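The block underneath contains the structure these notes are about, expressed in structure tokens.
The values are calculated or read from the model by the stated rules, or taken from the named source; none is laboratory data. Here the structure is a predicted model, which means the values were calculated and not measured. In this analysis, Cβ positions are derived from the backbone assuming ideal geometry, glycine residues included, and neighbour counts consider all displayed protein chains. Just so you know, the surface numbers come from the protein's heavy atoms only, side chains and all, with ligands and any DNA or RNA stripped out. Shrake-Rupley method; radii C 1.70, N 1.55, O 1.52, S 1.80 Å.
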Amino acid sequence: THDLSSPELLLQSVSASKMSRNAQVATFAHRKRMFLGKSDKSSAGGIDAHARDICAAINARADCFTTSSCSGRAYLWTGEGLKATERFTRYRVTHELIEDGERYFDLSSLSSELADSAWEEGRSRMREKKVAISSFRRPGVLRSLGDALARVLPCTADNPEMEPPVVVWLRFEAFILHVCCQDLHSAAQLCAAARTVFKNVGVQNWAENKVMVAIWGDEGLEMPVTDPHGRPTFIGEDSWLQTEVNMRHKRNWAKIERFRDAVLKMPEAKPVQSNPWRLPQKSVGDADDIDSEENLENPSPESVLEGGEGSGQVPSSSSRAIPRFDVIGDIAVVSSLPPAEDRERIGQLILKENGRLRIVAARCGALQGDERAAGTLEILAGQQRRPLLTTHTEFGVRYVINLEAMFFSPRMGPERQRLCKLVQPGEQVAVLFAGCCPETLQIAAHTEAERVVAVEMNTDAVSCARRSLQLLEKRNPTRASRVEVLEGDMLEVAKTLQQGSFDRVLAPRPKGKTDEEDNALVQQFLGALIPLLKKGGHCHWYDFVADWEFPSCERSRARIQAAASRLSREVTIIRCAAANNKPVAERQYRTVIDFSVS
């Protein structure tokens, strides 16, 4: 035992505790990046529409991330009732309201469908099963499902181990969510928020740097819709069955929204007071190793640090505070120029605490011009290299970035990950104002989009984007081949693209110098991009709002509605939220508005 009454021993104990906490945070941050950076392997290919907001709210926090979710679903099933068994088959899986009850509950046509078929999506997902069920039709005769199955399944006399699954059940599974938390404190906060809405909440298991929380909804339903011989038991009651399912969907969705609101009100993750941003000692960001095959095959962990994506803060041993900074590749970027007498000290201290950093630079000005060049950067410490060219890894994808010639923010990493989860297989995606193409590359690398078109007028940014694309091509030529980078003014390039050909458009647009200029730009940009969308297509529009405009963002909504009205199109605002948690200027935030066009 130690006598902690000694000030020296007490200080050592506190220091050791901080270092242990730092290691825990760094390990959890790495686990989160790796997990969220993987492609979605679920049969749906992405997060259910009604669970996206709650998953985004949780994943925006530094101390937790979602590992699996279901917004709630209804389906018909036969067999043993346990999904894990081979003798369980489900049909007409729907995460949405049932619009046509008569058709949905028509059991006479059930045997002609694929197992695990998705009802509302107009497509089927087939899972492997032992027995195939053939379609059946006999003009003028309505056969029960049991009779139909008896005709096509081996009889029990010939195969005593098999019994035809003649009973059909209707099941509604409520919302379910699994979340990995950094520690028990974070898990307790999440459980407290969830228990304001849901009854079934608890810690499922835990290990070092990992606490799993499970949250279950309570709007379940389990009922047979045929008798043991396969005869329908609710003939003429399709409307009632439809109401029962839809009522549960609506109550379930309302609870998810309340849970999302509770998560957004949770206190921020407790900040760490020591060195949680300490990075591995391997350097991957030198300008002369951008195309290194060795680094390509063995990329270092992403520069995603506690306190915000790619940001950090060194504790000062003196009374003068060290400013926060972004880590981009092997360069630390301080957002503003420190006083002259502190510059070298600050730069050297940051380098000392981060072995893989080679340069510390500070911004001397705001974004410049239509091409959004990053402005002047003054090197505070480290290599005197120009241009400030580096490689930055995010969710396993490498970007080549010239920090003096283009805008890039690692703090938008979670937003890029959110967008990837929304992209559906086969989509045509346009990324306007693409910059060095981080969104484009993430979508190409982590989704099954058929085509991704990037438009950018900054020549330096286009050059970097093409070099990044070459890096992706070395690792995955197929995914890289889906990308097309077009250089030019978005307003002009949009005229050359086929109207109504894109399922999704991303528009991280630049801001005008004045309110009048900004209003004019907004209408020009929206007027050019809305015609590119297919009917039912989605746009992710990035705007700039004052803090008092949150959360309604009425001015931004009105501008979108006005632009659509002039084009005789209708828009539906789906979501309005901050693109990240950091202001872009005093009391100014970058917001993202998701809307669909019809």
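Points to keep in mind about this one:
- Verdict on GLY217 being buried (at least 20 other Cβ atoms within 10 Å of the Cβ), under 30 Å from ARG103 (Cα atoms) and within 28 Å of the chain's Cα centre (by Cα): yes
- Any hit, region 266-287, residues being surrounded by fewer than 21 Cβ atoms within 10 Å (Cβ to Cβ), modelled with pLDDT of 90 or more and not polar (S, T, N, Q): yes
- Elements of type helices (runs of 4 or more DSSP H) contained in region 459-562, each with 3 or more residues being among the aliphatic types (A, V, I, L, M) and open to solvent by less than 50 Å² (accessible area, probe 1.4 Å): 459-475, 490-496, 515-529
- Residue count for region 411-438, restricted to those that are touching a residue at least 40 places away in the same chain (Cβ under 8 Å) and touching a Pro at 6+ places or on another chain (Cβ under 7 Å): 1.
- Region 433-458, subset out of contact with any Lys or Arg (no Cβ under 9 Å at 6 or more places or on another chain) and surrounded by fewer than 24 Cβ atoms within 10 Å (Cβ to Cβ), residue nearest to LEU532 (Cα to Cα): VAL453
- Residues in region 20-55 that are at pLDDT 90 or above and open to solvent by 20 Å² or more (accessible area, probe 1.4 Å): HIS50, ARG52, ASP53.
- Qualifying position, being at pLDDT below 85, hydrophobic (A, V, I, L, M, F, W, C) and open to solvent by less than 50 Å² (accessible area, probe 1.4 Å), among LEU170, LEU153: LEU153
- Taken over region 207-233, the criterion of being part of a strand (DSSP E or B), within 30 Å of GLN182 (Cβ to Cβ) and at pLDDT 90 or above is satisfied by VAL211, MET212, VAL213, ALA214, ILE215, TRP216.
- Total residues in region 580-598 satisfying the condition of being touching an Asp or Glu at 6+ places or on another chain (Cβ under 7 Å) and either open to solvent by 20 Å² or more (accessible area, probe 1.4 Å) or modelled with pLDDT under 85 (or both): the figure is 4.
- Yes/no for PHE234 being touching a helix residue (DSSP H, G or I) at 6+ places or on another chain (Cβ under 7 Å), open to solvent by less than 20 Å² (accessible area, probe 1.4 Å) and not basic (Lys, Arg): no
- Meets criteria (under 43 Å from the mean Cα position of the chain (by Cα), crowded, with 21+ Cβ neighbours inside 10 Å, at pLDDT below 50 and of a type in the set (A, V, I, L, M, F, W, C)) for LEU177: no
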